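Below is one structure, written out as structure tokens; the observations come after it.
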Amino acid sequence: MTEPTGTLDTGAMNRLSLRLSMVLAIGVVISAILLIIGLALIAVTGPVSSGDLSTTWGGPGHSLGPGNPVAYGFLLAGIVVLLIIPLARVAVSSYSFAAGGERDFAILTLFVLIVLAISAAASFLLPMIIAP
Amino acid sequence: MLIPLWETFAGILALAFAAGLLGAMLGLGGGLIIVPGLVILFGIDVHLAIAASLVSIIANSAGSASRYARQGQINLRLGMFLEIATAAGGVAGAVLTTTVLTGATGTSILLISFAPITLAAAILLRRNIGKHVAQTAVKDPLAERWRLSGSFRDNVTGETVQYQVLQPKKGLLASLGAGLISGLIGIGGGIFKVPAMNVFMKVPMKVASATSSLMIGVTAGGGALIYLFRGYIAPLLVAPVAIGALAGSFTGTLVHGRSSSDTLKMLFVMVLIAAAIIMALKAVGVLATA
């Protein structure tokens with residue numbers, strides 16, 4: 001049998017769990033605050049029409065929203081923060097495993113990070129990924 | 001029509017809350033509730049609904065996994081070990097939809113084939129109710145090499161439970177399938193990962209669902225980024241969906257902590273049967289699909 005990989009003991013893994021919990025919680029709180037501010041601004045400056053529910057942000061380089069760019073800016077920022085959370089979580093895991101001398105798990109998590117990065121890059125390069 | 005949409009917002013919040021609640025309890029993303037719910041109840045375009053669902057899965061995952069990680073309910077090594085198959089499956093799903101399985105027919109074929117697998121998972125998990133983690137001397141060499149086994153504290157019984165992870169290859173295969181279907185129809189894939197971890201890998205139900213909660217964020221993350229950059233994110237729709245999912249996930253983690261493993265398994269079996277029906281309805285075109 002191959003020797004177990006890794007050097008992080010139970011205490012180190014518990015600390016990693018707490019670190020990841022913190023990363024996730026911070027991301028969630030920031031995102032929720034931004035989303036609530038955005039909705040509050042829309043509530044104050046409203047009204048909104050039913051069509052606005054389906055108004056999309058066109059992607060990089062496009063304007064922020066119909067008539068209320070500040071509010072939509074907050075909403076979009078909240079959404080982007082949410083989307084960054086998994087990336088941050090995997091990046092922190094990868095770093096922690098590498099710092100702890102666990103090469104195998106560091107490579108494993110780095111691979112996942114690369115796949116996520118490729119997904120993002122591919123959406124620019126391969127318009128065929130999502131049929132309109 | 002120019003109306004304040006707060007009634008609609010309240011409805012969307014309630015839908016996302018329900019998905020987040022159930023999702024956090026069982027390690028699911030809730031996409032199977034959000035997507036049909038938004039399309040059927042609120043008349044949202046299916047692509048926008050899938051994009052909103054993917055963001056809500058991330059919200060649900062981050063909200064619930066934050067608490068589960070703090071409580072030591074997540075098997076981090078196992079989650080990261082399986083994540084590689086999920087990520088690869090997600091890419092394969094995206095490639096398949098754009099090459100071999102293009103159009104509605106291809107998706108229908110896949111959904112038709114996944115429905116019986118989902119039912120089979122329900123039967124296997126149902127048989128597992130009442131069976132608890134056995135202290136076994138049998139050790140899997142691959143699981144040992146990657147140090148996948150672990151322990152957790154069951155809040156209901158107050159006991160610290162040690163468990164051996166078995167058959168990691170089957171877990172990898174199931175995670176690959178979960179990633180595949182996730183890339184195809186915009187769900188987190190927990191419906192396959194959790195039964196596979198519990199039935200094949202002998203991971204306690206609570207650890208399986210908590211570990212899946214962590215993983216689904218990454219599964220949905222790749223897809224969500226694609227939808228963002230391709231311009232399918234509707235901020236005014238996604239905001240209440242994300243907030244509802246977050247609130248639901250916080251509540252779901254509280255219920256998870258107070259529920260027995262068998263209660264969670266029974267609930268999961270019911271969700272699997274409902275999921276099989278939804279997939280079959282999508283396959284024959286009764287429900288909207290991507």
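In this structure, A:Val80 and A:Thr45 have a Cβ-Cβ separation that, at R0 = 25 Å, corresponds to a calculated FRET efficiency of about 0.70.
Counts of other chain beta carbons within 10 angstrom of each beta carbon in peptide A:13-22 average 5.
For the stretch B:106-226, the square roots a ≥ b ≥ c of the C-alpha gyration tensor eigenvalues yield an a/c of 1.5 or more together with a/b exceeding b/c, which makes the shape prolate. The value of relative contact order for the stretch B:10-283, using C-alpha pairs under 8 Å at least six residues apart, is 41 percent. For the peptides B:258-270, B:47-59, the ranking by packing is B:47-59, B:258-270, with the highest mean count of neighbouring Cβ atoms within 10 Å listed first. Other residues whose C-beta falls under 13 angstrom from the C-beta of B:Thr219 contribute a net charge of +1, scoring Lys and Arg +1 and Asp and Glu -1. Counting every other Cβ atom within 10 Å of each residue's Cβ, B:Met80, B:Met215 order from fewest to most as B:Met80, B:Met215.
Could you tell me which of the pairs B:Lys131/B:Lys282; B:Lys206/B:Lys282; B:Lys131/B:Lys169; B:Lys170/B:Lys282; B:Lys169/B:Lys282 are separated by over 26 angstrom between their Cα atoms in the structure shown?
B:Lys131/B:Lys282; B:Lys206/B:Lys282; B:Lys170/B:Lys282; B:Lys169/B:Lys282
Oblate is the label for the stretch B:213-290, because the ratio a/c of its alpha-carbon gyration tensor axes (a ≥ b ≥ c) is 1.5 or higher and a/b is not greater than b/c. The C-alpha atoms of the stretch B:10-283 occupy a region whose extents along the principal axes are 52, 40, 30 Å, arranged from largest to smallest. Distance between the pseudo-spin-label points of A:Ala12 and A:Ala98 (7 Å out from Cα toward the beta carbon): 1.6 nm. Shown for the protein assembly as shown is the translational diffusion coefficient from the Stokes-Einstein equation, using the Kirkwood radius over Cα pairs, a temperature of 37 °C and a viscosity of 0.692 mPa s: 155 µm²/s.
Residue-wise HN-Hα couplings along the stretch B:151-164, as the Karplus relation 6.51 cos²θ - 1.76 cosθ + 1.60 with θ = phi - 60° gives them from phi, are 8, 8, 9, 7, 5, 6, 8, x, 8, 8, 9, 8, 9, 9 Hz; Gly and Pro carry x.
Per residue of peptide A:74-84, the mean number of Cβ atoms on other chains within 10 Å of the residue Cβ is 6. If R0 is 30 Å, the Cβ-Cβ spacing of B:Ser151 and B:Lys131 corresponds to a FRET efficiency of close to 0.95.
A straight chain from A:Val70 to A:Ile26 at 0.36 nm per residue would run longer than the Cα-Cα distance by 13.5 nm.
On a full-extension model of 0.36 nm per residue, what is the gain between B:Arg258 and B:Leu41, subtracting their alpha-carbon distance, rounded to one decimal in nm? Show your work: numbers first, answer last.
On the way: separation 217, 0.36 × 217 = 78.12 nm, distance 3.19 nm.
Full extension of this stretch gives 74.9 nm more.
Neighbour counts of C-beta atoms inside 10 Å place B:Trp6, B:Trp146 in the sequence B:Trp6, B:Trp146, starting with the fewest.
Most exposed first by the Cβ proxy, i.e. fewest other Cβ within 10 Å, how do B:Lys170, B:Lys282 rank?
Ranked by crowding around the Cβ, least crowded first: B:Lys170, B:Lys282.
The alpha-carbon of B:Lys202 sits under 19 angstrom from the alpha-carbons of these aspartates and glutamates, leaving out residues fewer than 8 places away in its chain: B:Glu83, B:Asp140, B:Glu144, B:Asp154, B:Glu159, B:Asp262. Label-to-label distance, B:Glu7 versus A:Ala117, with points set 7 angstrom from Cα along the beta-carbon direction: 5.0 nm.
Compared with the direct C-alpha span, the chain from B:Ile277 to B:Lys139 gains 45.9 nm at full extension, assuming 0.36 nm per residue. For the segment B:211-224, counting C-beta atoms of other chains within 10 Å of every residue's C-beta and taking the mean gives 5. Between B:Gly150 and B:Tyr163, B:Val165, the built amide H atoms are under 5 Å apart, and every one of these is 5 or more places off in sequence or on another chain.
Taken together, the values in this text are just the output of simple stated rules run on the coordinates, not laboratory data. All values reported here derive from a predicted model rather than from experimental measurement. We place every Cβ from the backbone using ideal geometry, glycine too, and count neighbours over all the protein chains shown.
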